[in-house]
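The values are calculated or read from the model by the stated rules, or taken from the named source; none is laboratory data. All figures in this text were calculated on a predicted structure; none of them were measured in a lab. Cβ atoms come from the backbone with ideal geometry, glycine included; neighbour counts cover every protein chain shown. Accessible surface areas use protein heavy atoms only, side chains included; no ligands, DNA or RNA. Shrake-Rupley method; radii C 1.70, N 1.55, O 1.52, S 1.80 Å.
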Amino acid sequence: MTVAPSARAGWRKVAAAVADAIPFEELDQVWLFPPVRKDDREWGTAVVARRLDAQRRRVYTVTYLVMARGRTRGEGKVVLEEVGDSPSVVVQDVIAGVQARMGDDRPPEALAPEAWSAFYHTEEEDNEA
């Protein structure tokens, strides 16, 4: 997924919320759904799986709304919600359900924790893009 500068700002806010709620060593996988942009606003959704043990995962949805342009560019909000625990083999079904509810045929991008950490960068890097 090629990430636009405004989306980077949104995903960076999501990454900060996830970091506040989930220790990095418990992070199992993150799925990023393609952001939706309308006028000067952008919305994004991620699903996060947290490792509880070898067989179970706690699943969260994380959404953001960010202003993509104008005086308030980069401002926004993030909502992180725990949606439940499940066997790790069921998490893909959760992802398929989120995709179906979004009504978008494009699959989410699955990221390992190491790749997800790329969203922890500075605002200066956003401004250079």
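In the range 49-67, the residues that are within 10 Å of residue 90 (Cβ to Cβ) reach residues that are outside any strand (DSSP E or B) with C-beta atoms within less than 8 angstrom, at least six apart or across chains, in these pairs: 56/88; 57/88; 57/91; 59/91; 59/94.
Listed here are the strands (runs of 3 or more DSSP E) enclosed by the range 1-108 that have at least 2 residues being over 16 Å from residue 119 (Cα atoms): 36-38, 41-51, 56-67, 76-87. Determine, yes or no, whether residue 46 is among the small types (Gly, Ala, Ser) and either surrounded by fewer than 19 Cβ atoms within 10 Å (Cβ to Cβ) or more than 14 Å from residue 17 (Cα to Cα) (or both). The answer is no for residue 46.
Annotation: of all residues in the range 54-74 being among the charged types (D, E, K, R) and in contact with a helix residue (DSSP H, G or I) (Cβ under 9 Å, 6 or more places away or on another chain), the one that is least open to solvent (accessible area, probe 1.4 Å) is 57. Annotation: of all residues in the range 80-104 being in contact (Cβ under 8 Å) with a residue 60 or more places away in the chain and open to solvent by 50 Å² or more (accessible area, probe 1.4 Å), the one that is nearest to residue 54 (Cα to Cα) is 80. If you go through the range 30-63 and pick out every residue that is more than 14 Å from residue 101 (Cβ to Cβ), in contact with a strand residue (DSSP E or B) (Cβ under 7 Å, 6 or more places away or on another chain) and not aliphatic (A, V, I, L, M), you end up with 12. Report yes if some residue within the range 53-60 is of a type in the set (Gly, Ala, Ser) and over 13 Å from the mean Cα position of the chain (by Cα); otherwise report no. Yes, that holds for at least one residue. Checking each residue in the range 109-123 for being under 16 Å from residue 47 (Cβ atoms), part of a helix (DSSP H, G or I) and either modelled with pLDDT of 80 or more or open to solvent by 50 Å² or more (accessible area, probe 1.4 Å) (or both) picks out 113, 115, 116.
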